[in-house]
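Worksheet: the structure to be examined is printed underneath.
The values are calculated or read from the model by the stated rules, or taken from the named source; none is laboratory data. What you are looking at is a predicted structure, and each value in this text was computed from that prediction instead of being measured. FYI the Cβ positions are ideal-geometry reconstructions off the backbone, even for glycines, and counts take in every protein chain you see.
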Amino acid sequence: MSLESHDTDARPATETSEAGVGHGSTVLAPSVIAERIVRGDLQALDSETLLAYLGSEVDVWSLMAAADTVRRARFGNSVHLCSIVNAKEGGCPEDCGFCAQSRHFSTHVQAKKFTPVDEIVEHSERAAGRNASALGLVTATRGLEHDTKALDHVVAGIKAVRDAGHTEAHASVGFLTPDAMDRMVEAGLTELNHNLETGRSYFSKVVSTHTYDERMDTIRMAKSKGLRTCVGGIFGMGEAPSDRVELAQSLRELDVDEVPMNFLVSIEGTKLPPTDPLEPMEMLRIIAAYRLFLPRQNIFIAAGRTHLGQLLPMMFSAGASGMMVGDFLTTANRTVDDDLEMLHELGLIPHRCGDTRPELKRKAARLPVLS
Ligand code: SF4
C-alpha cells in the first residue's frame, strides 16, 4: 500500500476540524476539543460529543492524540501511583454483581477478620517503597454507619498510617454517618474513595441492595468535610456507551478529584455472567474520551488494566495520569517492578498526590497552557 493511500484510509473526516460524522450529524474533532481545553475551557466536550467519541464513528487514534495533548498539558510527565489494602476482606452484605467479596455469591473469597493495624502500616511502608503516595484502606462492608467496632478499627488504621508517615491514608469503606466521617478526618484521612460503578440507568442491573443516590450523597458529604474524593467505575459489565456517558456526567457534576477506571475482571460465582474482557482498543477509546470529558481529574487505571496486553503503556498516551500498583482486592496485578520499569522506559515520573500536589486541590485547579 502506498503512503498516500494509507493516509487517506486512516484519516477520519473528524480530524480536519468540525467535520461531519455518520448520517447528517456533526461532531467536533477531538483536536479542536483538546485545543479549547488547553486554553482553559474544561467543559469543552459536551455529553453528546462524548457519546459520539465513545462510539466507533470517531477515529480512536485522533481521540488518543487529543487526550494525550490534554494529559501532557495538565500533568506533564508525572504519573500518580497508589495502592490499596484489604482492611476487612469478604462477607459483605451488599450484592454488587461484579464483586467476589459479596456474601450473596459463592466465590474464591472467604470472609476474614480485620487486618491488624501493624500489618496495615507495613503495607503503607511497602507502598511507599513502590513510589505509591497513598494507601487506601478498603473494607468489604456496606459501611460503617452502625458498626462501631469496624469504625474503631478503620480509625486506628488511618491514624497509624498517618503517624507512620510513609504514605497518605485514604479509605474506601462504604456508607458513613457525618460523625464517622469526622472521626476519620481527625485521624488523618485525606481522601475518600466511593465508586459509582456505572451510569445511573444501569446501576440497578448491577446492584440491588443500595441506590445510586446513596452513593452520590456519600461523595457529597465527603466533599463537604473537605476531603478529596476518588470516584470511578467499572467498564465492560454489559453497559451501553450511553451508560458510560451517564457515569462521566455524574463525575463531572460531583467534581471529584481522582477517577479510578476499572475494567471488569470476570470472577466465577459472581452475579454478572462470565464476560469476555473489552478489546484493548475499546479500553483505550474509553480512557481517551474520559480524559477529554474530565480534563482536570487524575484518571488512573486500576483493575483489569492487564486486559490491555501489549498495549498497556498506551494507557498513558490515551490520557491516563496514574495507575494502581500492587495487587487489587481479589485479583492479581503485574509486578510492581514491571510497572516501575515500564514508567522508566516511558520517561514518566511517579508523583506524589495530595498535599504535595496543590494543583489537585479543587479551588486551585487550573490547567496550565502548553508552552
Ligand atoms: S463492591 Fe464493596 S459494597 Fe459491593 S459487594 Fe463488594 S465489598 Fe460490598
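The table that follows gives values for the structure above.
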{"quantity": "Members of segment 175-189 found to be in contact with a strand residue (DSSP E or B) (Cβ under 7 Å, 6 or more places away or on another chain) and buried (at least 21 other Cβ atoms within 10 Å of the Cβ), listed by number", "calculated": "LEU176, MET184, LEU189"}
{"quantity": "Residue ID - farthest from GLY232 (Cα to Cα), chosen from residues in segment 193-219 that are β-branched (Val, Ile, Thr) and more than 10 Å from the ligand (Cβ to nearest atom)", "calculated": "THR211"}
{"quantity": "Test: residue in segment 68-89 that is farther than 29 Å from LEU294 by Cα, out of contact with any Cys (no Cβ under 9 Å at 6 or more places or on another chain) and assigned to a loop (DSSP other than H, G, I, E, B)", "calculated": "yes"}
{"quantity": "Total residues in segment 115-137, condition β-branched (Val, Ile, Thr), at pLDDT 90 or above and within 16 Å of the ligand (Cβ to nearest atom)", "calculated": "0"}
{"quantity": "Residues of segment 139-172 that turn out to be away from the ligand (no atom under 16 Å from the Cβ), buried (at least 24 other Cβ atoms within 10 Å of the Cβ) and polar (S, T, N, Q), as a count", "calculated": "1"}
{"quantity": "Filter result (under 20 Å from SER242 (Cα atoms) and either β-branched (Val, Ile, Thr) or part of a helix (DSSP H, G or I) (or both)) within segment 34-63", "calculated": "SER47, GLU48, THR49, LEU50, LEU51, ALA52, TYR53, LEU54, VAL58, VAL60, LEU63"}
{"quantity": "Strands (runs of 3 or more DSSP E) fully within segment 148-265 counting 2 or more residues that are more than 27 Å from LEU54 (Cα to Cα) and under 21 Å from the mean Cα position of the chain (by Cα)", "calculated": "168-172, 189-193"}
{"quantity": "Residue that is surrounded by the most Cβ atoms within 10 Å (Cβ to Cβ) [pool: residues in segment 50-98 that are away from the ligand (no atom under 16 Å from the Cβ) and more than 21 Å from the chain's Cα centre (by Cα)]", "calculated": "VAL58"}
{"quantity": "Per-region count, segment 282-328, residues under 19 Å from PRO241 (Cβ atoms) and small (Gly, Ala, Ser)", "calculated": "5"}
{"quantity": "Any chance GLU57 is among the charged types (D, E, K, R) and modelled with pLDDT of 95 or more", "calculated": "no"}
{"quantity": "Flag for LYS112 being among the basic types (Lys, Arg), within 14 Å of the ligand (Cβ to nearest atom) and over 16 Å from MET184 (Cβ atoms)", "calculated": "yes"}
{"quantity": "Restricting segment 173-192 to residues that are over 18 Å from THR141 (Cβ atoms) and touching a residue at least 60 places away in the same chain (Cβ under 8 Å), the residue that is nearest to the ligand (Cβ to nearest atom)", "calculated": "GLU191"}
{"quantity": "Checklist (1) buried (at least 24 other Cβ atoms within 10 Å of the Cβ); (2) at pLDDT below 95 applied to THR306, failing item", "calculated": "(1)"}
{"quantity": "Residue list for segment 22-37, restricted to those being more than 18 Å from ARG252 (Cβ to Cβ), modelled with pLDDT of 50 or more and not hydroxyl-bearing (Ser, Thr, Tyr)", "calculated": "GLY24, VAL27, ALA29, VAL32, GLU35"}
